[in-house]
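The values are calculated or read from the model by the stated rules, or taken from the named source; none is laboratory data. Computed from a prediction, not measured in an experiment: that's the story for all the values here. Please note that ligands, DNA and RNA were not included when accessible areas were found on the heavy atoms of the full protein model with its side chains. Shrake-Rupley method; radii C 1.70, N 1.55, O 1.52, S 1.80 Å.
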Amino acid sequence: MPAAVDPSAPAASAAAPTSRVAAKARRREDLLAAAARLFAARGFDAVRLEDIGAEVGISGPAIYRHFAGKAAVLVAILATASQDLLDGALATEREHDAGEDALRALIAFQTDFALAQRDVIRVQDRDMSALPEDERAAVTGTQRAYIDVWARQLRVVHPSEDQATAVFRAQAVLGLINSTPRSVRRTAADRAARRATLVAMAWAAATAPGPAADRP
């Protein structure tokens with residue numbers, strides 16, 4: 001007589017694919033991190049798939065299990081970062097009062113991203129043009145939506161400024177935050193001190209008085 005099956009026990013056949021999927025996801029993340037480091041250091045054109053694979057201990061051809069090619073790796077790096085930023089900004093808007101409270105939170109959010117993702121920022125600055133046209137348009141659209149979140153909050157803080165001015169101010173603040181962390185490569189204490197300074201500088205730029213109409 002066959003042994004009774006405990007319906008509460010997980011099926012072995014279900015556990016194995018889950019483990020494989022998790023391992024594949026981790027390998028994909030490792031490949032993206034390695035590619036971002038290499039693209040940041042050498043530039044997209046100078047890096048081969050074999051170089052990326054060597055960083056994580058696999059052959060270049062094995063990367064095709066995860067990506068269609070080198071351009072697809074670049075798309076994944078920039079599209080993922082842009083979407084993560086937009087999702088985080090929208091969540092920040094929901095969780096904070098409009099205006100100064102939300103703006104402070106957005107500055108902290110972007111600063112933490114910039115300090116943690118220096119390689120991604122450098123790749124975006126230098127290699128955005130290497131994206132295929134359709135993917136570049138999609139990434140650009142996501143980035144514009146992210147800037148619009150900032151502009152909404154800036155217009156609450158600066159009610160006399162129009163949308164174009166708010167977008168300009170948002171881009172200026174983001175440029176400040178994104179450019180500074182490239183030099184922060186020392187100890188954790190150094191990074192913590194620089195984070196506080198960077199947040200304060202970004203806040204000053206975001207809230208600086210605008211034209212005369214913005215003043216009492």
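Numbers below:
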read-out	value
Choice from 73, 156, 21 with maximal GNM fluctuation in the chain (Cα, 10 Å cutoff)	21
Most fluctuating residue given options 72, 108, 35, as computed from a GNM of the chain linking Cα atoms under 10 Å	72
Region 74-207: relative contact order in percent, alpha carbon pairs under 8 Å with at least 6 residues between	32 percent
Accessible area of the chain divided out per residue, in Å², using a probe of 1.4 angstrom	56 Å²
Folded to 0 to 90 degrees: helix 163-179 orientation relative to the chain principal axis, Cα	60 degrees
Degrees, to the nearest 10: 118-127 long Cα axis against longest axis of the chain	80 degrees
Matching label, Rg and Dmax of the Cα atoms in Å computed from the structure shown, candidates (i) 21.8, 90; (ii) 17.2, 50; (iii) 19.4, 77	(i)
Within a Gaussian network of the chain (alpha carbon springs, distance under 10 Å), most fluctuating of 167, 139, 56	56
Angle in degrees between helix 188-207 and the longest Cα principal axis of the chain, rounded to the nearest 10	50 degrees
